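One structure is given below, encoded as structure tokens.
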Amino acid sequence: MSEHREFILTLSCRDTKGIVYAVSGLLYEAGCNILDSQQFGDVLSSDATGLFFMRVHFEAPPALATDPAALEALVAPLRERFAMDLKVHAQARRPRLLLMVSKHGHCLNDLLFRCQSGQLPAEIAAVVSNHPDFAELCASHGVPFRHLPLATGASAEAKRAQELQVEQLIAAEQIDLVVLARYMQILSPAFCEFLRGRAINIHHSFLPSFKGAKPYYQAHERGVKLIGATAHYVTAELDEGPIIEQDVERVDHSRGPEDFTAVGRDVESVVLARAVRWHVEHRVLINGRKTVVFT
């Protein structure tokens, strides 16, 4: 079996009868072999969206696998019949990432290693930072580094001008996903709209929640017992985007604030890596303010 003949089909549409039959039948008639299939209908809960979601991993015959236009023609009637948001992704293609970071490099370092070692099926096209600190780290991995500075207390106009430079880089490098790997700047609504559905952020999630420069020190002062992190899609509502992944680690009174910080950074790195992996493997579908994650 060749990876170059494998594809991922993802879809969402209004839930109705016959969707699974139509998809599987279409692929069968085209000579495709379904390797894995998952589906979910959001119809049972009180806040259900009424949408149906599906992810199909399939192998296409050689003639179809080498002809993107033929693949698109194959699924077009299905998309029209059910008014689907339907996409077909080539398994062999590695999505291109742009990482954005400020002065905390644990998530950046983790993602650089995972991509270089082949653990994460993606290519880091560039790293952008408002500080110069990680230029050497990126160079050691052979990844281009762009320093786009922002002064403390920069105006909204200055921030937007910097964001436009990032947008130009995204277009030039054909970026599929932007990862805010502890990028400590609030994005403008215009930039959030530009990145809709293709930007992931990581932040600490505590109960209670602590904000500011040293959240782990605040957590230690309050005797927090669980340290957590949340990875979510970026929206204009700060830290309110659809959640992809969360995790926690237990701590106790014997640990100091530096220990809390170390544990928190580990959790953040793991949670962000999972979210990025699931996104680039086309396992995450947005369902209103939530996500469906086929793991």
Identify, from the list His282, His253, His232, the residue that is surrounded by fewer than 20 Cβ atoms within 10 Å (Cβ to Cβ), under 13 Å from the mean Cα position of the chain (by Cα) and not polar (S, T, N, Q). His282
Hey, could you check the stretch 86-102 for residues that are surrounded by fewer than 22 Cβ atoms within 10 Å (Cβ to Cβ) and in contact with a Lys or Arg (Cβ under 8 Å, 6 or more places away or on another chain) and say which is farthest from Ser12 (Cα to Cα)? Ser102
Against the condition buried (at least 18 other Cβ atoms within 10 Å of the Cβ), in a helix (DSSP H, G or I) and either at positive phi or assigned by TED's automatic domain parsing to the domain that holds Ser269 (or both), how does Leu108 come out, does it pass? yes
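To keep it simple, each residue is scored yes or no on (1) assigned to a strand (DSSP E or B); (2) of a type in the set (Lys, Arg).
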{"residue": "Val43", "(1), (2)": "no, no"}
{"residue": "Phe53", "(1), (2)": "yes, no"}
{"residue": "Leu64", "(1), (2)": "no, no"}
{"residue": "Ala69", "(1), (2)": "no, no"}
{"residue": "Ala73", "(1), (2)": "no, no"}
{"residue": "Ala76", "(1), (2)": "no, no"}
{"residue": "Arg81", "(1), (2)": "no, yes"}
Exactly one condition in (1) out of contact with any helix residue (DSSP H, G or I) (no Cβ under 9 Å at 6 or more places or on another chain); (2) within 28 Å of Gln38 (Cα to Cα); (3) of a type in the set (A, V, I, L, M) is false for Leu78; which is it? (1)
Taking into account only those residues within the stretch 258-269 that are of a type outside the set (Asp, Glu) and in contact (Cβ under 8 Å) with a residue 24 or more places away in the chain, which is surrounded by the fewest Cβ atoms within 10 Å (Cβ to Cβ)? Val263
Is it the case that the stretch 210-221 has a residue that's over 29 Å from Gln168 (Cα atoms), touching a Leu at 6+ places or on another chain (Cβ under 7 Å) and either in a helix (DSSP H, G or I) or aliphatic (A, V, I, L, M) (or both)? no
Quick test for you: out of Ala126, Ala154, pick the one residue that is surrounded by 15 or more Cβ atoms within 10 Å (Cβ to Cβ) and in contact with a strand residue (DSSP E or B) (Cβ under 6 Å, 6 or more places away or on another chain). Ala126
Take the stretch 47-76 and flag every residue that is touching a residue at least 40 places away in the same chain (Cβ under 8 Å) and either outside the structural domain of Gly31 (by TED's automatic domain parsing) or more than 15 Å from His89 (Cα to Cα) (or both). Thr49, Leu51, Phe52, Phe53, Pro61, Pro62
For the condition farther than 16 Å from Val276 by Cβ and not assigned by TED's automatic domain parsing to the domain that holds His204, what is the one hit in Leu187, Leu86, Leu137? Leu86
Top-ranked residue in the stretch 230-261 [being touching a Pro at 6+ places or on another chain (Cβ under 9 Å) and in a loop (DSSP other than H, G, I, E, B); ranked as modelled with the lowest pLDDT]: Ala236
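The values are calculated or read from the model by the stated rules, or taken from the named source; none is laboratory data. It should be emphasised that the depicted structure is a prediction, and the values quoted were computed from it without experimental measurement. Note that each Cβ is placed from the backbone with ideal geometry, even for glycine, and that neighbours are counted across all protein chains shown.
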